[in-house]
Amino acid sequence: QWSTNLVYMGGVALNCLANRRLGDHFDNIWIMPNPGDAGSSLGSAAYAYRGKINWTNSYLGSDISGPYPVNDIVNELLSKQIVGVASGRAEFGPRALGNRSLIADPRGKEIKDKVNEIKRRQKFRPFAPMILEEDVNDYFEMPANIPTSPYMQFVAKCKHPDEFPAIVHADGTSRVQTVNAEQHPGLYQALKLWKDKTGCPIILNTSLNIRGKPMVNNMQDAYDFRDTYGINLIV
């Protein structure tokens, strides 16, 4: 008898469009936030330490210490619409999940073009939304047996694409990141405050780097990014 549980790894596990079909065949799905060779190395560590690894989140990288700048993030979004955030430990994997992120208000028709211009990407390309976990079903049709997407690994049909043009692909889907208070307390509070002030539970999220350039990793990288590209950056 086939198991209804799935652990899915390898570079193919980064195909968010294909991943949404996994719930049609399995009840419980786990995809490592960094499912390629780097993520597989944790399996070796888990084997060596006989299961004594307690996985809590994917924020395992270089640390920019200090409390998460909740109020500064929301105030900058309200006044500037686009802002960079470099706070806490960097994400382990290819997805920016709030600690090394370029974020923006997803509602304006011009936002997508502005962020793509900053990122040096083609203007037609959309970005990912991060949303409070408790609100996700009001705005997205999540795939079968995939109620949450904390590591931005699945696409879902957006129920209100005209309201959020910057985070919707041509086929009407979005690569969703759900956020709860346990996963990232600071980011959760920022999303709640943003929703309280604007009525919008979604913030556009993309990686804090320019196309072809490395991610912002430490304080010096953050200062260099701000000075080179003229982007307001909260650290």
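A few remarks follow.
Residues are listed down the side, and each one gets a yes or a no for (1) in a strand (DSSP E or B); (2) at pLDDT below 95; (3) surrounded by fewer than 17 Cβ atoms within 10 Å (Cβ to Cβ):
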residue	(1), (2), (3)
Val115	no, yes, no
Ile118	no, yes, no
Lys123	no, yes, yes
Pro126	no, yes, no
Ile131	yes, no, no
Glu134	no, no, yes
Asp138	no, no, yes
Pro143	no, no, no
Ser149	no, no, no
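- Scope the range 181-235; condition assigned to a helix (DSSP H, G or I) and charged (D, E, K, R); matching residues: Lys192, Lys195, Asp196, Lys197, Asp221, Asp224, Arg226, Asp227
- A single entry from Tyr151, Tyr229 fulfils the requirement of being touching a Pro at 6+ places or on another chain (Cβ under 8 Å) and closer than 23 Å to Pro126 by Cα: Tyr151.
- Some residue of the range 138-159 being of a type in the set (A, V, I, L, M), free of Cβ contacts under 8 Å to residues at least 12 places away in the same chain and out of contact with any Ser or Thr (no Cβ under 8 Å at 6 or more places or on another chain): no
- Within the range 19-48, the set of residues being under 24 Å from Ala144 (Cα atoms), open to solvent by 50 Å² or more (accessible area, probe 1.4 Å), not in a loop (DSSP other than H, G, I, E, B) and not charged (D, E, K, R) comprises Asn28, Trp30.
- Residue count for the range 49-65, restricted to those that are in a loop (DSSP other than H, G, I, E, B) and open to solvent by 50 Å² or more (accessible area, probe 1.4 Å): 9
- Scan the range 49-62 for residues that are free of Cβ contacts under 8 Å to residues at least 60 places away in the same chain and either of a type in the set (Ser, Thr, Tyr) or within 16 Å of Tyr151 (Cα to Cα) (or both) and the total you get is 4.
- Of all the listed residues (Val85, Val136), the sole one being among the β-branched types (Val, Ile, Thr) and closer than 21 Å to Cys16 by Cα is Val136.
- Among the numbered conditions (1) more than 23 Å from Glu110 (Cβ to Cβ); (2) surrounded by fewer than 21 Cβ atoms within 10 Å (Cβ to Cβ); (3) at pLDDT below 95; (4) among the β-branched types (Val, Ile, Thr), the only one that Val216 does not meet is (2).
- Exactly one residue among Leu204, Leu187, Leu193 is within 17 Å of Tyr68 (Cα to Cα) and within 14 Å of the chain's Cα centre (by Cα), and that residue is Leu187.
- Any hit, the range 167-174, residues being closer than 23 Å to Met32 by Cα, open to solvent by less than 30 Å² (accessible area, probe 1.4 Å), part of a loop (DSSP other than H, G, I, E, B) and without any contact (Cβ under 8 Å) to a residue 40 or more places away in the chain: no
The values are calculated or read from the model by the stated rules, or taken from the named source; none is laboratory data. These figures come from a predicted structure and were not determined experimentally. When we count neighbours, we look across all protein chains shown, and the Cβ atoms used for this are built from the backbone with ideal geometry, even at glycine. We work out accessible area using only protein heavy atoms, side chains counted, and drop any ligands, DNA or RNA first. Shrake-Rupley method; radii C 1.70, N 1.55, O 1.52, S 1.80 Å.
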